């Protein structure tokens, strides 16, 4: 049994992952922000957390943790000329600075594990280059750089990897999938002709947290239905 911390575990991929890890017998501590969550048995406990707070209160985290997953994110698709510079700062605060603050706060707890693992999230848009994705691609590009830098710095004690998904059926992407026409069109854009599910991503995260991936670190995994590499 391992102890895992999931930041942003109340919906989407984080929620699916929390349930999956708890069902496998692991101890899971997960945070929520807007949607208050009740504990689900002894294996899955929820705590309020706003990663934008100046001083994070992570007193609820176990003394030793084996894995950390940072899930908070946003998707705002606008023409570059309509994005104010301060919006880039706000997005960076959530997606990058939030991850940095959490990581720095729990590093001593991760170091107590025999084989700790951290999983961060990017987006396929960093590699592909899409119209109107400058905001999210800027922040997530920084996450990919952070992943590689920290993987080098903390090897061999802590493994750090990143997942770069394509469009996934989560509340964050509701505005892109809120009609059957949109859903069908977006599915057809992918070589595998389907939209990703929270389960697809949770499975990959669980693998990267587990002892099945102990020789993997510093990698960006494109779990994207073939979008980033195939032209069919």
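Can you work out which of the residues in segment 8-24 that are part of a loop (DSSP other than H, G, I, E, B) and touching a strand residue (DSSP E or B) at 6+ places or on another chain (Cβ under 8 Å) is farthest from residue 42 (Cα to Cα)?
Within segment 8-24, the first condition is being part of a loop (DSSP other than H, G, I, E, B), and the residues that meet it are 8-11, 24.
Next cut, touching a strand residue (DSSP E or B) at 6+ places or on another chain (Cβ under 8 Å) only: 8-10.
Working: 8: 19, 9: 16, 10: 17 Å.
Among residues in segment 8-24 that are part of a loop (DSSP other than H, G, I, E, B) and touching a strand residue (DSSP E or B) at 6+ places or on another chain (Cβ under 8 Å), the one farthest from residue 42 (Cα to Cα) is 8.
Could you tell me how many of the residues in segment 108-126 are out of contact with any helix residue (DSSP H, G or I) (no Cβ under 8 Å at 6 or more places or on another chain) and either modelled with pLDDT of 95 or more or under 23 Å from residue 52 (Cβ atoms) (or both)? Show your work before the answer.
In the first step, residues of segment 108-126 are kept if they are out of contact with any helix residue (DSSP H, G or I) (no Cβ under 8 Å at 6 or more places or on another chain); the result is 108-114, 124.
Subset that is either modelled with pLDDT of 95 or more or under 23 Å from residue 52 (Cβ atoms) (or both): 108-113, 124.
Looking only at that region, the number is 7.
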>> Checking the conditions here, which among 44, 21, 56, 68 is buried (at least 20 other Cβ atoms within 10 Å of the Cβ) and more than 22 Å from residue 162 (Cα to Cα)?
In response: 44
> Is it the case that segment 153-162 has a residue that's part of a helix (DSSP H, G or I), touching a helix residue (DSSP H, G or I) at 6+ places or on another chain (Cβ under 9 Å) and either crowded, with 16+ Cβ neighbours inside 10 Å or at pLDDT 95 or above (or both)?
Replying inline: yes
>> Quick check on my filter: what residues within segment 163-183 are under 12 Å from the mean Cα position of the chain (by Cα) and either assigned to a loop (DSSP other than H, G, I, E, B) or free of Cβ contacts under 8 Å to residues at least 24 places away in the same chain (or both)?
In response: 164, 165
> Do you know which of the residues in segment 132-149 that are more than 15 Å from the chain's Cα centre (by Cα), in contact (Cβ under 8 Å) with a residue 24 or more places away in the chain and surrounded by fewer than 22 Cβ atoms within 10 Å (Cβ to Cβ) is farthest from residue 3 (Cα to Cα)?
Replying inline: 132
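From the list 65, 75, exactly one residue is more than 21 Å from residue 124 (Cα to Cα), in contact with a helix residue (DSSP H, G or I) (Cβ under 8 Å, 6 or more places away or on another chain), part of a loop (DSSP other than H, G, I, E, B) and in contact (Cβ under 8 Å) with a residue 40 or more places away in the chain. Which is it?
Numbers: 75 fails: more than 21 Å from residue 124 (Cα to Cα).
Checking each option against the conditions leaves just 65.
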> Looking at segment 112-131, which of its residues are more than 20 Å from residue 216 (Cβ to Cβ), free of Cβ contacts under 8 Å to residues at least 40 places away in the same chain and part of a helix (DSSP H, G or I)?
Replying inline: 125
> Of 34, 54, 90, 86, which residue is at pLDDT below 95 and closer than 24 Å to residue 175 by Cβ?
Replying inline: 34
> Just checking, which of 193, 182, 212 is surrounded by fewer than 16 Cβ atoms within 10 Å (Cβ to Cβ) and under 30 Å from residue 149 (Cα atoms)?
Replying inline: 212
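The values are calculated or read from the model by the stated rules, or taken from the named source; none is laboratory data. Remember, predicted model here, so these are calculated numbers, not experimental data. Neighbour counts are summed over all protein chains in view; Cβ atoms, including those assigned to glycine, are modelled from backbone coordinates with ideal geometry.
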